[in-house]
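One structure is given below, encoded as structure tokens.
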Amino acid sequence: MEQQETSSKPATTARAVITNHKVQIGGKELSYQACAGTLPVQNDAGETEAEIFYVSYRMPQPASAPPRPLLFVFNGGPGAASVWLHLGALGPRRVQMLPDGNMPAPPFHLVDNGSSWLDVADLVFVDPVGTGYSRAVKPDLAKKFSAVQADIDSLDRFIRLYLTRNGRWNAPVFLVGESYGTFRSAGLAEHLVEHGVALNGVILISSVLNMQTITFDYGNDLPYQLFLPSYTATAWYHHKLAPELQADLDRTLAQAEQWAGSEYLWALNKGDRLTPAERKAVAEKLARFTGLGIDLVENRNLRVDNRDFAKELLRGEGRMVGLMDSRLNAENPEPGRHLGFDATVTTIRPPFTSAVNAYLREELGYQSDLEYFVLGGGIGRWDWEAKNSYADTGENLRNAMVKNPYLKVLIASGLFDLATPHFATDYTVAHLGVGGELRRNISIKRYRSGHMMYLESDALAQLKKDAAEFIGQTLKR
């Protein structure tokens, strides 16, 4: 174990710790080097305003070998550390969950990740300021980084400094983001190209670029039609649909999507102008595709938001389904009140929190007395910088593709995701405004899984396969 550049800060925090390891990936034993450390975020005057924590992995290569692809990986929130993709999907070690993605009994364990992406590319897992061990240097600077553009700017500076300090300016560079990490990755794609970093690819997992598509505000009817197919998939999974709809999920989803984008969209737009007969017909169809009662959907004015749906689908069993993975469910102790928690988060938070704290100290040798902020706790109120509008980085992604026509995009969506539904992603992609040639640079994959499709072994393996093929195809000349 080699330790470099010990920090002069009062806290016991090492700047960089390098360790050597072996792992089995795809049936082959591979040697790799891990580095856990921090890099400064400096303003234009050269003053350090924050320290960003990261964990990187690389496979040593002969000097004559071409540079390996380099992936910068972010999670979302805002306020989520990169631990989810790090110890859930891409890294050489992963949290051991039950085969269906549920939480095992504590204590929790790490195992080798046979579906790690390390055999395909070098990996850098980045914790934005206010997540993980990343902190602003002064409390009054912390608020600055809890905003869309400051977050993007700080990560742009991190990436360019990482490329400089590690001599990787000649490497093919990719971004990988999940959830809000896709939002920041789309913004980063344009920000980076404006600073001379042309990306080879962007991988968006459980994507949301346009916040209007997922925000259930009064007067914004867009999410109701875009979430409908995910309600259908969830109801199918829990056997709440009519027999003819239970027979084939793909066929049923195609019907739900067609209806959501036509008759249901028309009814939402017509609003109070619907006749009683029209309203009744729409309510019957909505109940049919969601597994909810007709009285309930009529009572909700034909508009059921995701939290209401999660609470109501299994009301008869006294349970509620998860938002990030609607296959998971938990007892609902207060069915008469608003949804109190996400059944998915309660399943994943303990094992990932326990695992990352043990892993960083015991396997990677990184010592810090700071709290590792896994999901929230390190940032304040987020500034979306959108007045009388919705935050949207879809335009940034389009601009990045126009400015760098070699940029390829892979989008991965889970069918049982009630946080960033697949149909909302399809809508956003269809409204990017890119021409036919650039549209061919976008690939979309669907998984019979939730927001974190990598929690279960089958989807984890499929995601790795799709990503490896995407990276390989992107780098073909």
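Observations on the structure shown:
- Computed accessible area, S443, all protein chains, 1.4 angstrom probe, square angstrom: 50 Å²
- For the chain, carbon and sulfur atoms together expose 49% of the accessible surface, with a 1.4 angstrom probe and every protein chain in place.
- Maximal additional length on extending the A281-S262 stretch stands at 5.5 nm, based on 0.36 nm per residue less the C-alpha distance.
- The longest part of the chain holding none of the exposed loop GluC sites (Glu not before Pro), meaning those outside H, G, I, E and B in DSSP with at most 13 other Cβ atoms within 10 Å, is 48-370.
- Rg and Dmax over the alpha-carbon atoms of segment 47-143 stand at 16.2, 48 Å.
- Close amide H partners of A80, meaning residues 5 or more places away or on another chain with modelled amide H under 5 Å apart, are G376.
- Cα lying deepest toward the dipole's positive end in the chain, options P60, A430, Q246, charges on Cβ: P60
- The figure for W169 is an accessible area of roughly 130 square angstrom, using a 1.4 Å probe on the protein chains alone.
- In the chain, a dipole from Cβ-located charges (positive for Lys and Arg, negative for Asp and Glu) runs towards its positive end, and of W266, S185, H21 it is H21 whose Cα lies farthest in that direction.
- Cβ charges +1 (Lys, Arg) and -1 (Asp, Glu), total dipole of the chain, debye: 640 debye
- Amide H contacts of R135: E51, F53, G130, each under 5 Å away and 5 or more positions distant or on a separate chain (H built 1.01 Å from N in the peptide plane; Pro and chain starts excluded).
- Here the Debye sum runs over all C-alpha atoms of segment 378-441 as equal scatterers in vacuum, and log10 of I(q)/I(0) at q = 0.16, 0.27, 0.28 Å⁻¹ comes out as -0.71, -1.16, -1.19.
- Paramagnetic reach from K138 (point 7 Å along Cα→Cβ, amide N under 16 Å) across segment 42-58: 42-51
- For I25, distant residues with modelled amide H under 5 Å away: L30
- Taken one residue at a time, the phi angles of segment 223-238 give Karplus couplings (6.51, -1.76, 1.60, θ = phi - 60°) of x, 4, 6, 6, 7, 3, x, 6, 4, 4, 4, 5, 4, 4, 4, 8 Hz. Gly and Pro are set to x.
- In this simple spin-label approximation, N301 and R337 carry label points 7 Å from Cα along the Cα→Cβ vector, and these lie 2.6 nm apart.
- Inter-site label distance for Q24 and L438 at 7 Å from Cα along Cβ, in nm: 4.6 nm
- Cα shape, segment 88-190, gyration tensor, a/c 1.5 rule: oblate
- Beta bridges by DSSP in the chain, antiparallel share as percent, to the nearest 5: 60 percent
- Cβ-Cβ distance of E194 and A430, R₀ of 30 Å, FRET efficiency by 1/(1 + (r/R0)^6): the value works out to about 0.70.
- Per residue, the accessible area of the chain comes to 42 Å², computed with a 1.4 Å probe over protein heavy atoms only.
- Linear extension gain, D458 paired with L370, 0.36 nm per residue minus alpha-carbon span: 28.1 nm
- Within the assembled protein chains, the solvent-accessible surface assigned to D112 is about 70 Å², based on a 1.4 Å probe.
- Ranking by accessible area, most exposed first, for H338, H239, H422 with a 1.4 Å probe: H338, H239, H422
- Across every pair of non-identical alpha carbons in the chain, the mean reciprocal distance, once inverted, gives a Kirkwood radius of 23.2 Å.
- With 32 Å as the limit on Cα-Cα distance, the pairs of K144/K445; K28/K476; K311/K445; K403/K465 that go past it are K144/K445.
- With the charge dipole of the chain set up from +1 on Lys and Arg Cβ and -1 on Asp and Glu Cβ about the Cα centre, the Cα lying farthest toward the positive end among the listed residues V374, C35, F145 is that of C35.
- If you sort D417, D140 by accessible surface, 1.4 Å probe, largest first, the order is D140, D417.
- Per residue, the convex hull volume that the Cα atoms of segment 142-213 enclose (Å³): 95 Å³
- FRET efficiency estimate (nearest 0.05) - Cβ-Cβ, A247 to R319, R0 22 angstrom: 0.35
The values are calculated or read from the model by the stated rules, or taken from the named source; none is laboratory data. Just so it is clear, the model here is predicted, and its values are computed rather than measured. So basically every Cβ, Gly included, is an ideal-geometry build from the backbone, and we count neighbours across all protein chains shown. Each accessible area value is taken on the protein alone, full model and side chains, heavy atoms only, with ligands, DNA and RNA left out. Shrake-Rupley method; radii C 1.70, N 1.55, O 1.52, S 1.80 Å.
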